[in-house]
Amino acid sequence: MTVPDPASLRVGELFDLTGRTAVVTGGSRGVGAMIAAGLVANGVDVWITARKAEACDRTAAELDAAGPGRCRSIPADLSDGDELEAFAARIADEAPSLDILVNNAGATWGAPIDEFPRDGFEKVLSVNLVAPFFLTQALLGPLRSGATAEDPARVVMIGSIDGIRVPVMDSFPYSASKAGLHMLTRHLARALVGDHVTVNAIAPGPFESKMMAFVLDDPGTRAAVEHSVPRGRIGAPGDVAGATLFLCSRAGSYVTGAVVPVDGGISTTA
């Protein structure tokens, strides 16, 4: 066996993303904003989208000013088929060769089983499962365009540990949609491997987000959540951004079809 060139194994080489292009859905806040910030900080040109235009524009402006990568805002409701198609067409014009797609936008809904409304169930499935599939489909042209065997394009799905273990809360479509997204990740990985497109998922545990605010904003329940995490804390921006950087860099180019829990050990050791 020939000894590897040490220079090719340096962190700066393995994880360099300078000049790449990326889309992050749900990028205006929470985990999406953490991922977008991590990509921009490492020289990636990022487009973020979110349903609320003002928040999307504000986050993009802040990240763009921080650099060294760029960040631009294209607000859209991806649960609406027409808006999804218009967004994908805009991205294809802006980035005919797209390196990274992060399907992060998500929704949840909670209600007792006897009272759970059909429209709530369908909304969550539409945002969390249907939209990621069809956005990936719509952007296959740009993703395939610059992908090679040595440097594949990357699709990263943001699932959840609630798609791995049974959650305590009555969020039935959320857990079902995230488990479905994990399986969709593996299925798409097999379908696209010949096109040099890797598809992986990150399954976050508790992170600061609007979705978790009702739990984490109360000191008592926050302490209980932290106590339930084997690592003893809430996830930090570097945790989920770091996992994304790995999957999207040369360091992660041999990984596809994986679901990576980033949850402090909840789903793997608790």
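The values are calculated or read from the model by the stated rules, or taken from the named source; none is laboratory data. Model, not experiment: these values are computed from the prediction. Don't worry about glycine lacking a Cβ; one is built from the backbone with ideal geometry, like all the others, and counts go over all protein chains shown.
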Any pair with Cβ under 6 angstrom, 6 or more apart, that starts in the stretch 1-25 at a residue that is closer than 17 Å to Asp93 by Cα and ends at one that is in a helix (DSSP H, G or I) and not aliphatic (A, V, I, L, M): Val24/Gly32
Top-ranked residue in the stretch 47-67 [being over 21 Å from Val127 (Cα atoms) and out of contact with any Ser or Thr (no Cβ under 8 Å at 6 or more places or on another chain); ranked as surrounded by the fewest Cβ atoms within 10 Å (Cβ to Cβ)]: Ala65
Pairs, first without any contact (Cβ under 8 Å) to a residue 40 or more places away in the chain and under 23 Å from Arg190 (Cβ atoms) in the stretch 251-270, second assigned to a strand (DSSP E or B) and of a type in the set (S, T, N, Q), C-beta under 9 Å, six or more apart: Tyr254/Thr198
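Would you check if Thr136 is at pLDDT 95 or above, over 18 Å from Pro261 (Cα atoms) and surrounded by 17 or more Cβ atoms within 10 Å (Cβ to Cβ)?
Values: at pLDDT 95 or above: yes; over 18 Å from Pro261 (Cα atoms): yes; surrounded by 17 or more Cβ atoms within 10 Å (Cβ to Cβ): yes.
Spelling it out, Thr136 is indeed at pLDDT 95 or above, over 18 Å from Pro261 (Cα atoms) and surrounded by 17 or more Cβ atoms within 10 Å (Cβ to Cβ).
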Within the stretch 189-232, tally of residues that are at pLDDT below 95 and in a helix (DSSP H, G or I): 14
Qualifying residue in the stretch 172-188 (condition: over 25 Å from Pro152 (Cα atoms) and in a strand (DSSP E or B)): no
Residue list for the stretch 144-166, filter: at pLDDT 95 or above, small (Gly, Ala, Ser) and touching a strand residue (DSSP E or B) at 6+ places or on another chain (Cβ under 9 Å): Ser145, Ala147, Ala153, Gly159, Ser160, Gly163
Qualifying residue in the stretch 99-108 (condition: out of contact with any Cys (no Cβ under 7 Å at 6 or more places or on another chain), of a type outside the set (Lys, Arg) and surrounded by fewer than 18 Cβ atoms within 10 Å (Cβ to Cβ)): no
Gly120 being under 16 Å from Ala22 (Cβ atoms) and surrounded by fewer than 20 Cβ atoms within 10 Å (Cβ to Cβ): no
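May I ask you to list the residues in the stretch 13-33 that are over 25 Å from Ala138 (Cβ atoms) and under 23 Å from the mean Cα position of the chain (by Cα)? Spell out the reasoning first.
First, pick out the residues of the stretch 13-33 that are over 25 Å from Ala138 (Cβ atoms): 13-16, 18.
Once the filter is applied, which keeps residues that are over 25 Å from Ala138 (Cβ atoms) and under 23 Å from the mean Cα position of the chain (by Cα), the stretch 13-33 yields Leu14, Phe15, Asp16, Thr18.
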Residue, surrounded by the fewest Cβ atoms within 10 Å (Cβ to Cβ), within the stretch 216-243, restricted to residues that are out of contact with any strand residue (DSSP E or B) (no Cβ under 6 Å at 6 or more places or on another chain), more than 19 Å from Pro167 (Cβ to Cβ) and in contact (Cβ under 8 Å) with a residue 40 or more places away in the chain: Gly238
Asp239, sole failed condition from (1) in contact with a helix residue (DSSP H, G or I) (Cβ under 8 Å, 6 or more places away or on another chain); (2) in a helix (DSSP H, G or I): (1)
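Please determine, by comparing only the residues of the stretch 77-89 that are part of a loop (DSSP other than H, G, I, E, B) and surrounded by fewer than 21 Cβ atoms within 10 Å (Cβ to Cβ), which one is farthest from the chain's Cα centre (by Cα).
To start, the set of residues in the stretch 77-89 that are part of a loop (DSSP other than H, G, I, E, B) comprises 77-80.
Among the residues that remain, those that are also surrounded by fewer than 21 Cβ atoms within 10 Å (Cβ to Cβ) are: 77, 79-80.
Working: Asp77: 16, Ser79: 16, Asp80: 19 Å.
That would be Asp80.
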Checking Ala107 against (1) closer than 30 Å to Leu216 by Cα; (2) not in a loop (DSSP other than H, G, I, E, B), the condition it does not meet: (2)
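Can you name the residue in the stretch 201-258 that is aromatic (Phe, Trp, Tyr) and within 15 Å of the chain's Cα centre (by Cα) and is also nearest to Ser177 (Cα to Cα) among such residues?
Phe207
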